[in-house]
Amino acid sequence: MFRAHFKKKLPTFELEANISLNNGILALVGPSGAGKTTILQCIAGLQTPSWGAINIRDKAVFSSEHGTDVPIRNRRIGYVFQDYALFPHMTVEKNVMYGKPKKGNIPNKALTVTNVLEMLKIGHLRNRYPNQISGGEKQRVALARALMTEPELLLLDEPLSALDQDTRSTLQQELLKLQTQWKIPFILVTHDVQEAEMLGNQIIKLDRGKQEEIKGAKKLVKAQ
Amino acid sequence: MEFSFVPIILSLKVALASVIIVACSSIPIAGLMAKRKFWGKDVIESIITLPLVLPPSVIGFMLLVFFGKNGPMGKLLEQLFHIRVVFTLEGAVIAAAVVSLPLMYQSVKVAMESVDQNLEKAARTLGAGELKVFFTITLPLAWNGIVAGLVLAFARSLGEFGATLMIAGNIPGKTQTMPLAIYFANESGDTRQASILVMIMTVFSFLVIYGLNRWGKGSQQRDSRGGGNNV
């Protein structure tokens, strides 16, 4: 169970997020500058909300009331950046290994690099560097790297926006499959309404910090 | 007069020691300055960069006041380690380190600032603490700037003259480095010794600049190959 209700002052408006998510995929949709990435960064701990609380699996990672602010590295959140943010000086395998929990601290012992690489169909790329692979492959590596940390929540910031239509459709299907396999909540930011409809069990439309919750794709189409 | 290699050896010793000191101090300082905001940051930065613009005589004078027999650091070093800095090779090392620090610092800081912050953020979301981020992401990606800074600092240390003369003096075989040997050989009419040393210094400096330029172009090409590191 993931719950977040917080506010964050931005230069031109105040952002308010009120999210509650059991499992499945929540799609945050809205135009550029609506505050979508800021919401993800506040959840991950890359930015600090001005007020509110964030709970992952009923454990508080941020609370302005109690002064809780768990450091990013202890939040157990996977984050896939818009530009993938793969480490250019490391091979695909080293990138994926970077966040692997240390020995004795592994909740799921069956989770090996090979398994994750195979699951995302990038086993053959393990010795390549990020500048030697395509955009779609980079996205798979970024996903593998985030999943390798065994997160309790996965945040995806416009993960498919830089890809061509074919790669995009394939990866959309795989994201849905991954979510059912991993059984952790995904929060996905997109500016594409159709993508939100296709992937989101829950959809939140955001405009200048104000959110409108629409549970179901058909309603969203009506609201447009 | 017979040609003496001693100034060359002394200069290399001084430059090497100076580069080690400069590397150990400038990398952590540049890391802090590039990534953190704190009160008084601009003042500290100005102090580090000051030797770049001050005349060598001013730096030499300040070092004498600070490290002299009655200076605060001079007294401390004498009492704690029985080390005297004035008129010793250690003095020459300190002078070389002070004047080459700004070059190394600037080079490292610019390189660290240009490391994509998203990569550091990504490392944090993957469970890395600040030290792991620094050693596995920031430092390796700023490597080009660090190497360039090391080479420049080494070359600058080798060529240090004014401040060295004031704090370490000109003791042949003890503190007389190459630039000092050239000056005093010329003063005493030993043109042969002076010209050989001048040639060595010029060729060495040329090679440093040439090598850095070539290496810089090479690393640019490496980066742009295969679409670049456009992560």
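The values are calculated or read from the model by the stated rules, or taken from the named source; none is laboratory data. Keep in mind that this is a model prediction, so the values were computed, not measured. Positions of Cβ are generated from backbone atoms using ideal geometry, with glycine treated the same way; all protein chains shown enter the neighbour counts.
Just a few scattered comments:
- One residue from A:Ile187, A:Ile204 being among the β-branched types (Val, Ile, Thr) and either at pLDDT below 85 or within 12 Å of A:Gly24 (Cα to Cα) (or both): A:Ile187
- Hey, B:Val110 assigned to a helix (DSSP H, G or I), surrounded by fewer than 18 Cβ atoms within 10 Å (Cβ to Cβ) and either at pLDDT below 95 or not basic (Lys, Arg) (or both) or not: yes
- Of residues in region B:128-165 being surrounded by fewer than 20 Cβ atoms within 10 Å (Cβ to Cβ) and outside any helix (DSSP H, G or I), the one farthest from the other protein chains (Cβ to nearest Cβ): B:Phe161
- Output for region A:73-89, where each listed residue is in a loop (DSSP other than H, G, I, E, B) and within 7 Å of chain B (Cβ to nearest Cβ): A:Phe81, A:Asp83, A:Tyr84, A:Ala85, A:Leu86, A:Phe87, A:Pro88, A:His89
- Of the strands (runs of 3 or more DSSP E) lying entirely inside region A:1-55, those containing at least 3 residues that are under 13 Å from A:Lys205 (Cα atoms) span A:14-21, A:25-29.
- Selection within region A:30-41 - at pLDDT 90 or above and away from every other protein chain (no Cβ under 13 Å): A:Thr38, A:Ile39
- Selection from region B:68-92 of residues that are in a helix (DSSP H, G or I) and crowded, with 24+ Cβ neighbours inside 10 Å: B:Gly91, B:Ala92
- Residues in region B:1-17 that are among the small types (Gly, Ala, Ser) and within 23 Å of B:Met199 (Cα to Cα) were compared, and the one that is surrounded by the most Cβ atoms within 10 Å (Cβ to Cβ) is B:Ser11.
- The one condition from (1) more than 14 Å from chain A (Cβ to nearest Cβ); (2) within 30 Å of A:Phe87 (Cα to Cα) that B:Val115 does not meet is (1).
- Assessment of region B:54-67 against the conditions (over 30 Å from B:Ser114 (Cα atoms) and assigned to a loop (DSSP other than H, G, I, E, B)) yields at least one matching residue.
- When region A:124-165 is limited to residues that are away from chain B (no Cβ under 13 Å) and assigned to a helix (DSSP H, G or I), the one that is modelled with the lowest pLDDT turns out to be A:Gln165.
- Take the conditions (1) surrounded by 12 or more Cβ atoms within 10 Å (Cβ to Cβ); (2) closer than 15 Å to B:Val108 by Cβ; B:Cys24 misses just one of them, which is (1).
- The conditions of being more than 20 Å from B:Ala123 (Cβ to Cβ), in contact with a strand residue (DSSP E or B) (Cβ under 9 Å, 6 or more places away or on another chain) and surrounded by 15 or more Cβ atoms within 10 Å (Cβ to Cβ) are met by A:Phe6.
To keep it simple, each residue is scored yes or no on (1) within 25 Å of A:Glu174 (Cα to Cα); (2) within 15 Å of the chain's Cα centre (by Cα); (3) modelled with pLDDT under 90.
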site	(1), (2), (3)
A:Gly45	no, yes, no
A:Gly52	no, no, no
A:Tyr98	yes, no, no
A:Lys109	yes, no, yes
